[in-house]
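Visitor: Input: one structure, supplied below.
The values are calculated or read from the model by the stated rules, or taken from the named source; none is laboratory data. Keep in mind that what you see is a predicted model, and the values were worked out from it rather than measured. Cβ placement follows ideal geometry from the backbone for every residue including glycine, while neighbour counts extend to all protein chains displayed. Accessible surface is based on the protein model in full, side chains and every heavy atom, while ligands, DNA and RNA are left aside. Shrake-Rupley method; radii C 1.70, N 1.55, O 1.52, S 1.80 Å.
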Amino acid sequence: MRAATSVALAMWTIGERLYSSLITHHTSLILLCAAWLAAGPSAAQQYPGKPIRLIVPSTPGGSVDTLARSIGPKLSERWGQQVVVENRAGAGGAIAAEVTAKSPPDGYTLMLGTIASLAANLSLQKKLPYDPVRDFAPVSLVATQNLMLLIHPSVPAKSVKELVRFARSQPGKLTFGSAGNGTGSHLSGELFKQLAGLDIVHIPYKGVAPGLVDLIAGQISINIPSILSALPHAQSGRARALAVTGPTRTRAAPELPTMQEAGIKGYESMTWYGIVAPIGTPPEIVTKLSTEVAAILKQPDTHERLSREGADPVGSSPQEFGRFMQSEIEKWRKVIRAAGIQPG
């Protein structure tokens, strides 16, 4: 009897210790979760606590750099922290994207990416040192922008239809310049070739400016730069503007038809700019960034300035921008494959 009692007491003691251990363990987990949940909002509220890098995949002076330097000071004003624009040009935006992707995911390194760095490079570069979908947290689609179809005045065409007829009469003779492989101007030209059934030769340049210099000099026949870059040359008569590439006419040049209005059915091409952060950046910081960028783009002075330059401010949610990036990756993958462009 005593032996049985001793065994029962021993078993009860062991059970009590196990129960206490489980209670302690669960309590620790509950406290840990509570601390983690409490830390989320706190991290967002304290952000930013130091200067932010906004990396730009271009040289100073281009449209993406201009946009970054419009947004950066506004963020600085709202947060009391400096936003430093850092230019990392080269490799179709891949250099800037790699730097951003490998930065700490703390919200203090961002990139204002483009159609090349965030969509087309996947189909154009064999050994891309980053993946736009896997390595970035989308923050916001900042703006879209029409491009403008420019020709040298020596080309005997006053409309897109006349240009198409002339190009068809001389297959392989006309050339179109771009700011480089995978840029908006390159992809827009390839889409024009495909939809109009044209044989024109692509000449890639290292940036927008060299291509425009050669267009004005008559070294190439066609260029399709952003409106911001094209307008001064069209207005001066050094180049002839025939159309814009987006779905609607632009306030910056309302007299110009869209490519669809000019007879190229199904044509729509816009260059675009969006902010991304390294993957793993806390969601509450991504949301805060997205909300602030959208608020800046709604400010009358910002909206007016960007519209005047041919850009359409957007300010999307991270989820909307993520879906937009996916659709652009697929769209331009098809165009690049149809054009027979081999990844380099």
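Visitor: Hey, among the residues in the stretch 281-293 that are open to solvent by 60 Å² or more (accessible area, probe 1.4 Å) and polar (S, T, N, Q), which one's nearest to A137 (Cα to Cα)?
Guide: T287
Visitor: For the stretch 294-344, which positions are open to solvent by less than 40 Å² (accessible area, probe 1.4 Å), among the aliphatic types (A, V, I, L, M) and part of a helix (DSSP H, G or I)?
Guide: Answer for the stretch 294-344, where residues must be open to solvent by less than 40 Å² (accessible area, probe 1.4 Å), among the aliphatic types (A, V, I, L, M) and part of a helix (DSSP H, G or I): A294, A295, I296, L297, L306, M325, I329, V335, I336.
Visitor: Here is a list of conditions, (1) buried (at least 24 other Cβ atoms within 10 Å of the Cβ); (2) more than 27 Å from V201 (Cβ to Cβ), and P129 meets all of them except one; can you say which number that is?
Guide: P129 satisfies all of (1) buried (at least 24 other Cβ atoms within 10 Å of the Cβ); (2) more than 27 Å from V201 (Cβ to Cβ) except (1).
Visitor: Do you know which residues across the stretch 41-73 are open to solvent by 30 Å² or more (accessible area, probe 1.4 Å), of a type in the set (D, E, K, R) and assigned to a helix (DSSP H, G or I)?
Guide: R69
Visitor: For the stretch 220-267, what are the residues that are in a loop (DSSP other than H, G, I, E, B), under 20 Å from L306 (Cβ atoms) and open to solvent by 20 Å² or more (accessible area, probe 1.4 Å)?
Guide: P247, T248, R249, R251, A252, P254
Visitor: Which of (1) open to solvent by 10 Å² or more (accessible area, probe 1.4 Å); (2) within 24 Å of E328 (Cα to Cα) is the odd one out, the single condition P278 does not satisfy?
Guide: The number of the failed condition is (1).
Visitor: To continue, here is another question. Kindly list, by first and then second residue, each pair from a residue in the stretch 276-299 that is closer than 19 Å to S70 by Cβ and polar (S, T, N, Q) to a residue that is modelled with pLDDT of 95 or more and open to solvent by less than 30 Å² (accessible area, probe 1.4 Å), limited to pairs with Cβ atoms under 6 Å and residues at least 6 apart or on different chains.
Guide: Pairs found: S290/V139; S290/S140; S290/P318.
Visitor: Which of the residues spanning the stretch 85-102 are among the small types (G, A, S) and open to solvent by less than 10 Å² (accessible area, probe 1.4 Å)?
Guide: Within the stretch 85-102, G93, A94, A96, A97 qualify.
Visitor: Kindly indicate whether A196 is open to solvent by less than 10 Å² (accessible area, probe 1.4 Å), at pLDDT below 95, over 22 Å from the mean Cα position of the chain (by Cα) and not hydroxyl-bearing (S, T, Y).
Guide: Answer is no for this residue.
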